[in-house]
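For reference, the structure is listed below as structure tokens.
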Amino acid sequence: MILNKIESGVKEPKITLVGAGPGDPELISLKGMKAINTADVVLYDAQVNEALLNHAPEKAIKIFVGSKSDDDSFSQDAVNKLMIDYALNFGHVVRLKSGDPFVFARGFEEVDYAESYNIQTEIIPGISSALGVPGLHKIPMTYDALSESFWVLSGTNAAGELSPDLKVAAKSKATVVVLMGIEKIREITAIFQQEGKNRLPVAVIENGSSVNENIKIGVVDTIAELIEDHQISAPALLVFGDVVSLHPSFARIKNFYELIAMQ
């Protein structure tokens, strides 16, 4: 007689994609935490706060599969195969991803790959840094007449080139959030300068919501120098838009330009 998986002690394979949020371990959802509590294996990325691993069962296998922007530790293909192997051999795999799994995180690719093996999947959204991090600094995406919509863009496409959508976004009055664009800051600001938006408020936020978070406020003409002077590096996001003027630090910049205009 053939034993079923429960009788033989082999667990039913399952893969759960969990959004860990932008960095602060307390910003994960309750549902995401419950998934970690039941994990047999946790595959986690570079920007995931490792404090979250303490919520996994003691016997759970915890494997780092992330890569920083300048260190391709694992290819996507390798991560996909690891998910399948561990799910088939151990049961419940939690794929712990920073931010939200479906915002520039290849969450769909991973779910699609898992389902091609008929493995049960579940998606638990997370707080994307694109929205959550500016919000922590009281920078809204929309506000009255300042902005009625927002864009969330990757600074570069798969070929490492500037996203053509940036040129379209720069023409609008919308708030523009750029992820993974810090290395191309001068090229990005040039696009806004071509639209005559030299004094458009800009925020750069490094390591958002983490203990070593760093934020600088400027305008299109000055933000590249601020980034270089303060040695801000990835992971960092950029927020272009009039809504950045609501940040308390912008008052000093506004007063400076008003003084120049009076002279």
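Quick notes on this structure:
- Cα gyration tensor category, rounded, prolate or oblate, for region 136-198 with a/c compared to 1.5: prolate
- For Ile63 and Ala46, the difference between the fully extended length at 0.36 nm per residue and the C-alpha to C-alpha distance is 5.0 nm.
- Cα gyration tensor, region 28-104 - rounded (a/c under 1.5), prolate or oblate: oblate
- Inter-label distance for Ser172 and Leu30, nm, one decimal - labels placed 7 Å from Cα along Cα-to-Cβ: 3.4 nm
- Separation of the Gln120 and Ala190 label points, Cα + 7 Å toward Cβ, nm: 5.3 nm
- Residues Arg95, Arg186, sorted by accessible area with the largest first, give Arg186, Arg95 [1.4 Å probe; ligands and nucleic acids excluded].
- Per residue, the accessible area of the chain comes to 53 Å², computed with a 1.4 Å probe over protein heavy atoms only.
- Take each peptide in 82-91, 150-159, 224-233, 170-179, count the other Cβ atoms within 10 Å of every residue, and average; sorted highest first, the result is 170-179, 82-91, 150-159, 224-233.
- Per-residue SASA entry for Asp242, accessible area with 1.4 Å probe, Å² rounded to 10: 60 Å²
- Contact order, relative form, for the chain: 18 percent (alpha carbon pairs under 8 Å, 6 or more residues apart, mean separation divided by residue count).
- Most to least accessible of Arg252, Arg199 (protein chains only, probe 1.4 Å): Arg252, Arg199
- Gyration tensor over the Cα atoms of the chain: the corresponding equivalent ellipsoid has semi-axes (square roots of 5 times the eigenvalues, largest first) of 42, 17, 15 Å.
- Computed accessible area, Met33, all protein chains, 1.4 angstrom probe, square angstrom: 40 Å²
- Surface composition of the chain: carbon plus sulfur atoms hold 52% of the accessible area, using a 1.4 angstrom probe and ignoring ligands, DNA and RNA.
- Straightening the chain between Glu161 and Asn37 buys 40.6 nm, computed as 0.36 nm per residue apart minus the Cα-Cα spacing.
- Separation of the Asn54 and Glu148 label points, Cα + 7 Å toward Cβ, nm: 4.8 nm
The values are calculated or read from the model by the stated rules, or taken from the named source; none is laboratory data. What you are looking at is a predicted structure, and each value in this text was computed from that prediction instead of being measured. All Cβ positions, glycine included, derive from the backbone under ideal geometry; neighbour counts span all protein chains shown. Accessible surface is based on the protein model in full, side chains and every heavy atom, while ligands, DNA and RNA are left aside. Shrake-Rupley method; radii C 1.70, N 1.55, O 1.52, S 1.80 Å.
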